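This report concerns only the one structure given below.
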Amino acid sequence: MREAVDRGVEGREAFSQAVLELIGLARHELRMVAPDFSDWPLASNAGAAALRAALQRGVRLRMLVADPQWLATRADRFLTLHRRYAAQSAVRQYPERLRLEEATLVADRQHAVRKPHPDSRTARLIIAMPSSVEAHADRLAAAWDESVDCLPATTLGL
């Protein structure tokens, strides 16, 4: 069993490391939300390797995004994984009325990293604390239900 952690992280690099750490901890499910994911390590070699390892372990990936443009045009490594693991990976666009300004990753409903605003330099890393993560996980699940599919993993043609 992992030791419980609740600490602040500051700066872009520390946020990226926290995201990579939680992807590595996930065993069942990753839920992510961000306005566009441009400041996440998803397009980096390390991010792609961490996601690939998680997907190979059978982790289900659920992403919510306000604007999928950056993912569609600048995150080639992520898109390759998204297509390869289409049965485990889904990206949905949430409606503007939800006003989800935060950037949050929840792993297995017990670990989280949360940045209250995309422009914020500080974030909170929570490990092995399900009671502290529950509200964030529930909010992401509710937003998922109100969102629509975007970035299909496969391309349909005629």
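The values are calculated or read from the model by the stated rules, or taken from the named source; none is laboratory data. Given the structure is predicted, the values throughout are model-derived calculations rather than measurements. Note that we place each Cβ from the backbone using ideal geometry, even for glycine, and neighbour counts take in every protein chain shown.
Worth a mention:
- Selected residue [at pLDDT 95 or above and in contact with a Lys or Arg (Cβ under 6 Å, 6 or more places away or on another chain)] from Glu29, Glu21: Glu29
- Taking (1) surrounded by 18 or more Cβ atoms within 10 Å (Cβ to Cβ); (2) touching a Leu at 6+ places or on another chain (Cβ under 7 Å); (3) touching a residue at least 60 places away in the same chain (Cβ under 8 Å) in turn, Trp40 satisfies each apart from (2).
- Residue count, segment 56-76 (criterion: part of a helix (DSSP H, G or I) and either under 18 Å from Leu140 (Cβ atoms) or under 15 Å from the mean Cα position of the chain (by Cα) (or both)): 2
Residue by residue, here is whether (1) at pLDDT below 95; (2) closer than 14 Å to Leu30 by Cα; (3) aromatic (Phe, Trp, Tyr); (4) surrounded by fewer than 21 Cβ atoms within 10 Å (Cβ to Cβ) holds:
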position	(1), (2), (3), (4)
Ser89	no, yes, no, no
Arg99	yes, no, no, yes
Leu105	no, yes, no, no
His117	yes, no, no, yes
Ser131	no, no, no, yes
Asp138	no, yes, no, yes
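- Between Ala87, Ala18, Ala53, the distinction of being closer than 27 Å to Arg121 by Cβ and not in a strand (DSSP E or B) belongs to Ala18 only.
- Residues in segment 109-138 that are assigned to a helix (DSSP H, G or I) and in contact (Cβ under 8 Å) with a residue 12 or more places away in the chain were compared, and the one that is farthest from Pro35 (Cα to Cα) is Pro130.
- Candidate set from segment 119-129 (those that are modelled with pLDDT of 95 or more and among the small types (Gly, Ala, Ser)); member that is nearest to Ser16 (Cα to Cα): Ala123
- Counted residues, segment 50-86 - those being farther than 21 Å from Leu25 by Cβ, in contact with a strand residue (DSSP E or B) (Cβ under 9 Å, 6 or more places away or on another chain) and either free of Cβ contacts under 8 Å to residues at least 40 places away in the same chain or surrounded by fewer than 19 Cβ atoms within 10 Å (Cβ to Cβ) (or both): 4
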